[in-house]
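The values are calculated or read from the model by the stated rules, or taken from the named source; none is laboratory data. Remember, it's a predicted structure, so these values are computed and weren't measured experimentally. Don't worry about glycine lacking a Cβ; one is built from the backbone with ideal geometry, like all the others, and counts go over all protein chains shown. SASA here: full protein model, heavy atoms, side chains in, ligands and nucleic acids out. Shrake-Rupley method; radii C 1.70, N 1.55, O 1.52, S 1.80 Å.
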Amino acid sequence: MHLDPKREVTHSSVGRLGIALFLLIVLMAVFAPLLANHDPIEQTIHSLESPSLNHLLGTNHVGQDIWSQLVHGARTSLLVGLLVALLSTILSAIVGTSAALIGGLYDRIVMRIVDAFIVMPLLIVMILVSAYLGAGLGATILLLSLLSWQGGARIVRSQSLSLKERVHISAARGFGANKLYIMRRHLIPDLGTILIVDFIYSVRRAIFLQAGLAFIGIGDPNIVSWGTMMREALDWIFLDVWRWWLLPAGIALSLTIVSITFIGHALEPALDPRLKDEANV
C-alpha cells in the first residue's frame with residue numbers, strides 16, 4: 001500500500017481546501033504574538049466592551065481582549081492536537097505491529113485490553129481521571145494520548161498481519177532478522193501512509209476533546225483555549241455578546257476540525273483504495 005500522501009491531498013479539491021484552511025490556523029497560531037495587540041490573560045477594568053479599533057472583538061467579563069485570546073487559543077489547540085497525535089500514533093504503531101509479530105498469548109491479551117478501552121465511555125473516563133491527574137495542559141496531553149491509541153493499534157495490527165507474510169519480510173526473517181528489526185525496518189515503513197492518516201485523525205480528535213474538556217470546566221484557567229472562551233461566553237449570552245465572543249471561538253474551532261477532516265478524507269484511499277476515485281473530486 002504505497003500511496004503518496006502529498007499527491008493524494010494535492011489532487012483532491014477537498015484536500016486542497018483542507019490544507020488551505022489548516023495553514024490559515026497554523027499561521028494564526030505561529031504569529032499570535034504579532035496579531036494580538038494585548039496580553040490575552042491581562043485583566044482590565046474595560047469589561048464587556050463592544051468591538052473597536054483597540055479591541056477588535058471587544059472584551060470579556062474581566063476585561064480581557066477577545067481577539068488576543070482567539071489567536072492564542074489556536075496555539076493551545078494545535079499544541080494539544082499535534083502532541084497527542086504524535087504520542088498516540090507511536091503507541092498505535094508499537095502495540096499494533098508487536099501484537100501482529102509476536103502473536104499468541106501476547107496478541108490476545110493486548111487485543112482484549114484494546115477492546116476494553118474502545119468500549120469505555122471516553123469522556124466520562126477523562127473527567128474522572130482528570131480529577132486525580134490535575135487540570136494542567138501537560139496532564140491533559142498525557143491523558144488524551146493514553147486514551148486515543150487503541151483504534152489505531154487495531155488497524156495497524158490488521159495490516160501488519162498481512163504485511164508480515166510478504167516476500168521481503170519472510171526473506172529478512174530467513175536471514176535471521178529479529179522481530180524488533182523487522183518492525184523497525186520493514187513493517188512500520190510499509191505502514192507509513194496508514195500511520196499518517198491515523199495521525200491526522202488523532203489531531204482532530206484531540207483538538208475536539210480538549211475543547212470539550214475546557215468547555216465543561218476541566219482545564220487550567222490560566223491557559224487560553226477556545227473551549228474556555230465558549231464556556232465563559234455562555235454565562236453572559238443574555239447581554240448579546242455571543243456575536244463577538246462565542247461565535248468567533250466556535251467558528252475557529254469548527255474550521256480547524258473541518259480542515260483536518262478534509263485532509264483526512266483526501267488520504268482515506270490509504271485505508272481503502274476503493275475510495276480513490278471518490279476522493280479525487
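Worth pointing out:
- Beta carbons closer than 6 Å, at least 6 apart along the sequence or on distinct chains, pair a first residue in region 200-224 that is polar (S, T, N, Q) with a second that is not in a helix (DSSP H, G or I) for Ser202/Ser148.
- Qualifying positions in region 3-39 - assigned to a loop (DSSP other than H, G, I, E, B), modelled with pLDDT of 90 or more and among the hydrophobic types (A, V, I, L, M, F, W, C): Phe31, Ala36
- For region 40-54, the count of residues that are within 30 Å of Ser162 (Cβ to Cβ) and either of a type in the set (A, V, I, L, M, F, W, C) or not in a helix (DSSP H, G or I) (or both) is zero.
- Among the criteria (1) surrounded by 15 or more Cβ atoms within 10 Å (Cβ to Cβ); (2) of a type in the set (Ser, Thr, Tyr); (3) over 16 Å from Ile155 (Cβ atoms), the one Ser92 does not fulfil is (3).
- In region 162-196, the residue that is farthest from Met229 (Cα to Cα) out of those that are open to solvent by 80 Å² or more (accessible area, probe 1.4 Å) and aliphatic (A, V, I, L, M) is Val167.
- For region 251-274, a residue qualifies if it is open to solvent by less than 70 Å² (accessible area, probe 1.4 Å), touching a residue at least 24 places away in the same chain (Cβ under 8 Å) and not hydrophobic (A, V, I, L, M, F, W, C), and the qualifying residues are Thr256, Ser259, Thr261, Gly264, His265, Glu268, Pro269.
- Qualifying residue in region 197-218 (condition: of a type outside the set (Lys, Arg), surrounded by 14 or more Cβ atoms within 10 Å (Cβ to Cβ) and over 23 Å from the mean Cα position of the chain (by Cα)): no
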